[in-house]
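Undergrad: Got a structure for you, questions after.
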Amino acid sequence: MAKKICVTYSDHLEDPPRELDMEAAWNASKQWVTFQHFTFLKRMYVTQLNRSLRQQIKPKSEPVASPFLEKSSSSQAKTEVYEMKPFAPSTLSLPRKPNETELIELESASIIEGSVDVGKETKDEKQWKEMKLHVDDLPGILARLSKIKLTALVVSTTSAGFALAPGPFDLSCFLLTSVGTGLASCAANSINQFFEVPFDSNMNRTKNRPLVRGQISPLLAVTFAACCAVPGVALLTWGVNPLTGALGLFNIFLYTCCYTPLKRVSIANTWVGAVVGAIPPVMGWTAATGSLDAGAFLLGGILYSWQFPHFNALSWGLREDYSRGGYCMMSVTHPAPALGVTTWTFPVIALPINLYISYLGFRFYRDADRKSSRKLFFCSLWHLPLLLLLMLTCKRRGADRDSGEPQS
């Protein structure tokens, strides 16, 4: 292009002078510098425009074309190619020279659009998305939804109650009781996880549960719970006896509608949950005998008492998790396992007399004669006053309560 301009300039001069004056040479060099500057700015503008277009572009999935429309679409593309006419070079106009203000605005607009795109991506990543469910993963997911290990423990206690009950061992009744109790436990655990999704997501212990991670939908979880509850209660009612079926239905209601919401209200949920754990062995006893006898209440009492050391020890190690989840557990609201009545010296001092009366009680249970009964009776007369006197001597004072001295 530079050669063409020089030729045109020489054509217009009839008799170009051999020696140009200094002013003409300065003007020519000034025009040449202006032309180079214009070319540089044009290249900068094209580069910046391409960069902004690359930032704004988003990959778009190509639509799958129907095989019936392939011929028509290809023919239309051919006609469109043939109908296009090349532009004459004379009609092309050079882009105008952009100034510095426009370049700055273009850069700021590209930066803002890029930040908006990044913000949209991060917002989409934070949103809850349901994961794709594969059929091969479904059994494991449903096993974690139903807390299969806890369900196995419930079935084992039910089996123990059935085996300890008097009377002949009926294998078919035993299998129906075990399957029905297991299905009822799976239903109760699934409904429990359905209610506690927003709270389980705040706890390290439960944040990987299927509903929290979105591995299955809530509708599928509720459907699975219903498919377990209905046949489970039906097996216990019509396959075993109505009393066992009523206990199974009552236990599902107690666990899902009483214990689960009470966990966020009061520490009394531990006492209600202990009743839920004490019912399965009673169900095993009623399945074998058809009635609630003293043995059924004995088994239930043993399981009820076992719940407290088991769960309190578990919740003590997870008290930070329960606090983040908003659960009212004794380890969170009452972290010190003491009542503040006496000091720690009282259980040490009272241990010998407690052991002695326990020994006399065991001898009376073993011998069952007049001598052992009289010893136990007279020991009980002096044991209570001495125990209260020791409590009075080890009483925790007001100053000790404020100072944080160990208590019991």
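The values are calculated or read from the model by the stated rules, or taken from the named source; none is laboratory data. These numbers come from a predicted model, not from an experiment. Don't worry about glycine lacking a Cβ; one is built from the backbone with ideal geometry, like all the others, and counts go over all protein chains shown. What goes into the accessible areas is simple: the full protein's heavy atoms, side chains included, and nothing from ligands, DNA or RNA. Shrake-Rupley method; radii C 1.70, N 1.55, O 1.52, S 1.80 Å.
Undergrad: Only four residue types carry charge here, +1 at the Cβ of Lys and Arg and -1 at the Cβ of Asp and Glu. Report the dipole size of region 340-396 about the Cα centre in Debye, rounded to the nearest 20.
TA: Working: 8 positive and 2 negative charges, 20 e Å.
Charge dipole of region 340-396: 100 debye, to the nearest 20.
Undergrad: What is the ratio of the Cα radius of gyration of region 135-335 to 2.2 N^0.38 Å, where N is its residue count, to two decimals?
TA: Taking N as the residue count of region 135-335, the ratio is 1.04.
Undergrad: Any chance you could look up the accessible area of Trp271 with a 1.4 Å probe, heavy atoms only, rounded to 10 Å²?
TA: Roll a 1.4 Å probe over it and Trp271 shows about 110 Å².
Undergrad: Could you order Phe308, Phe169 so the one with the most accessible surface comes first? Probe is 1.4 Å.
TA: Putting Phe308, Phe169 in descending order of accessible area: Phe169, Phe308.
Undergrad: Could I ask something else about it? Once the piece of chain linking Ser358 and Leu164 is laid out straight, how much longer is it, given 0.36 nm per residue of separation minus the C-alpha distance between them?
TA: Value of the extension gain: 67.1 nm.
Undergrad: In nm, give the distance between the simple-model label positions of Cys227 and Trp306, each being 7 Å from the Cα along the Cα-to-Cβ direction.
TA: 3.2 nm
Undergrad: Follow-up question, since we're still on this one. Under a point spin-label approximation (7 Å from Cα along Cα-to-Cβ), what is the Phe378-Leu249 distance to one decimal in nm?
TA: 5.9 nm
Undergrad: Let me ask another. Starting from 0.36 nm per residue, how many nanometres of slack lie between Trp316 and Ser156 once their C-alpha separation is accounted for?
TA: So the chain would gain 55.0 nm between Trp316 and Ser156.
Undergrad: Follow-up. Stretch Ile349-Ser172 to full length: gain in nm at 0.36 nm per residue minus the Cα-Cα span?
TA: Length gained between Ile349 and Ser172: 58.2 nm.
Undergrad: Around Thr342, which amide H atoms from residues at least 5 apart in sequence, or from another chain, sit under 5 Å from its own amide H, with H modelled in the peptide plane?
TA: Arg396, Ser408
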